[in-house]
Amino acid sequence: MNGVIENYGLWSLLPPLVAIVLAFKTKQVLPSLFAAILVGATIIAGGNVFEGFSNTVTKYIAGSVASEWNAGIIVFDIGLGGMIGIVAASGGAKAIADWLATKARTAKSGMAATWAMGLLIFFDDYSNTLLVGTTMRPLTDKLKISREKLAFLTDSTAAPVASMALISTWIAYEMGLLRDAFAAIGVEANIYSVFIKSVPFRFYSLIMLGFVLMIAVTGRDYGPMLKAERRARFEGKLVGDDATPLASKELTEMEIKKGIPLRAMNAIVPVLTVVVMVIVGLYISGKSSILGGDDMDLIARLKESPFAFTVIRDVIGSANAAVAMMWASFLGSLVAFGMVLFQKILTFEEAMNAWIDGAKSLVIAIFVLVMAWGIGSMCKDLGTANYLVGILEGKISAEIIPLAVFVLGCLIAFSTGTSWGTTAIMMPIAVPLVFTLSGGDTGTLLYATIGAVFTGAVFGDHCSPISDTTIMSSMSAASDHIDHVKTQIPYSVTVAIIAVIVGYLPAALIGINPIVSLVLGYGLAFVAVKFIGKEVEDPAYALTFKQNKKAV
């Protein structure tokens with residue numbers, strides 16, 4: 001197809017395979033990612049290890065930090081980590097956990113509350129993962145919910161929600177892809193309407209949201225997650241004995257100054273400041289971008305009705321999310337700093353030390369994130385995703401395209417760790433392909449294919465150990481990263497299989513209404529939870545555990 005595929009072919013799959021295998025084998029994410037980048041860079045350098053090493057460090061690692069977007073995410077993480085450090089040291093986090101504990105007294109209600117908060121932070125997946133995980137962690141720790149489960153709850157309500165929200169940082173990107181794809185097939189359409197029509201066909205994302213709630217309210221789990229939950233509930237171990245949480249003990253075990261009042265507002269106000277400032281920052285950034293652009297119709301609409309729904313949608317979609325999040329995290333830090341000084345809870349030096357400890361706690365996680373960006377960039381140069389697309393292109397019929405696109409999207413996103421990169425590659429190919437092979441159909445088959453592109457990317461992003469949102473979920477939950485991936489994969493695979501059985505196959509083959517598919521999907525998800533899952537706090541297991549403990 002292109003020079004990249006002809007040059008590297010099957011070799012383009014080696015680096016992500018090295019990263020994934022080494023990460024699972026050694027449980028050391030950083031060296032695994034470094035080794036994978038080195039392998040890929042050496043392949044690109046024609047086998048020259050010295051040149052490969054040089055490019056690994058300068059182009060892929062340092063180059064990732066030099067990216068304006070990536071640098072913004074790093075600064076956001078540092079600012080938010082510092083704010084959380086002050087909130088923890090001031091007793092605000094403990095106070096809010098104590099307050100939430102009066103409302104969510106059981107593990108089930110605590111997990112349901114975490115799921116609900118994940119739905120509320122709908123405007124951006126990065127903000128979602130960091131805010132939900134760090135805010136709810138004191139409560140879930142108190143209720144003896146494993147860090148792996150918290151990471152799963154956080155991860156599974158981030159990209160699925162943000163990618164389908166009517167207003168979010170995703171929407172301009174998705175609409176841009178759809179606009180280009182429809183232009184390529186010569187079909188005029190209201191692109192926002194196309195976006196809305198594709199939502200019911202996002203079977204994986206929609207069923208996953210219901211599946212997560214079912215797991216929470218039933219208190220049932222299976223696979224590695226069941227083991228992790230029983231470890232937390234019965235042994236009191238929130239992480240495994242050999243785990244390496246992505247947030248250091250400087251934050252997770254920070255001691256609260258003795259004798260200070262525990263006030264929930266010292267946590268609630270800074271967190272709300274971040275949430276509100278992200279939204280306001282997105283509007284300010286997007287407005288500036290539009291006014292500096294050449295879309296005169298949009299500029300006119302912005303000036304005429306600055307707060308109309310469609311205008312807000314387009315403004316937020318045009319925003320630089322990294323800039324808005326940087327503003328928000330540092331404003332949150334300043335608010336937290338000012339509150340503890342004003343109340344004389346901490347001295348200036350104590351508050352500064354708490355901020356530094358909070359920021360330092362995320363250093364390893366940020367390194368992992370940088371490595372993940374590096375391997376993503378390297379896989380792009382190798383043409384990994386293009387090679388996978390080339391395998392199936394021209395070899396399938398119209399009726400099987402939604403299924404093939406979904407599966408291929410899962411593989412690409414899992415291999416490269418990027419959902420946006422996956423959709424950017426798949427959409428320009430999938431839409432013209434299904435349109436041509438179906439004889440110009442613009443109905444169910446087309447929208448099922450669009451939904452398959454978006455949700456296949458989300459699935460791979462969920463499961464991949466080199467995905468930035470997966471890493472950030474581990475970071476905010478203070479979970480061991482590989483343990484998070486191991487415990488989440490069985491659930492993601494379950495939902496993906498259900499999405500195929502009730503969604504992409506019948507939607508393409510018989511044109512079934514997507515609402516019917518979703519109802520059937522939720523039914524199958526409940527069956528899976530009910531009959532595959534086991535009750536974490538099963539009385540028989542609890543009795544056996546007590547007997548074994550006495551025997552020891």
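Among the residues of region 325-374, those that are in contact with an Asp or Glu (Cβ under 9 Å, 6 or more places away or on another chain) and not in a helix (DSSP H, G or I) comprise Ser361, Leu362.
Looking at region 377-478, what helices (runs of 4 or more DSSP H) fall wholly within it and have at least 3 residues that are more than 30 Å from Leu139 (Cα to Cα)?
Result: 384-392, 401-416, 419-437, 444-463.
All of (1) modelled with pLDDT under 90; (2) farther than 22 Å from Asp77 by Cα hold for Ala499 with one exception: (1). Evaluation of Ala542 against the conditions (1) modelled with pLDDT under 80; (2) under 27 Å from Glu399 (Cβ atoms); (3) in a helix (DSSP H, G or I) shows that the sole unmet condition is (2). Within region 173-199, residues that are touching a residue at least 40 places away in the same chain (Cβ under 8 Å) reach partners that are hydroxyl-bearing (Ser, Thr, Tyr) with beta carbons closer than 7 Å, at six or more positions or on different chains, in the pairs Met175/Tyr192; Leu177/Thr423; Val187/Thr442; Lys197/Tyr447; Ser198/Tyr447. Residue count for region 502-526, restricted to those that are surrounded by 14 or more Cβ atoms within 10 Å (Cβ to Cβ), farther than 19 Å from Phe459 by Cα and modelled with pLDDT of 95 or more: 2. Within region 190-216, which residues are in contact with a Lys or Arg (Cβ under 9 Å, 6 or more places away or on another chain) and farther than 21 Å from Ser109 by Cα? Listed by number, the residues that qualify are Ile191, Tyr192, Val194.
Taking the listed residues Ile497, Ile510, Ile501, the one that is of a type in the set (A, V, I, L, M) and either more than 23 Å from Leu213 (Cβ to Cβ) or touching a Cys at 6+ places or on another chain (Cβ under 9 Å) (or both) is Ile510, with no other qualifying.
Counting the residues of region 47-70 that are surrounded by 15 or more Cβ atoms within 10 Å (Cβ to Cβ), aliphatic (A, V, I, L, M) and touching a residue at least 12 places away in the same chain (Cβ under 8 Å) gives 1. The set of residues in region 189-209 being under 18 Å from the mean Cα position of the chain (by Cα) and either at pLDDT below 90 or of a type in the set (Phe, Trp, Tyr) (or both) consists of Phe203, Tyr204.
Within region 28-46, residues that are within 10 Å of Thr56 (Cβ to Cβ) sit with their Cβ atoms under 9 Å from residues that are outside any helix (DSSP H, G or I) and not acidic (Asp, Glu), at 6+ positions apart or across chains, in these pairs: Ala36/Ile466; Thr42/Asn48. Screening region 104-119 for residues that are of a type outside the set (S, T, N, Q) and more than 14 Å from Gly133 (Cβ to Cβ) and picking the one that is surrounded by the fewest Cβ atoms within 10 Å (Cβ to Cβ) gives Arg105.
Restricting the search to helices (runs of 4 or more DSSP H) fully inside region 1-74 and requiring at least 2 residues that are hydroxyl-bearing (Ser, Thr, Tyr) gives 29-44.
The values are calculated or read from the model by the stated rules, or taken from the named source; none is laboratory data. What you see is a predicted model, and the numbers here were worked out from it, not measured in a lab. Counting neighbours? That spans all protein chains shown, and the Cβs are built from the backbone with ideal geometry, glycine included.
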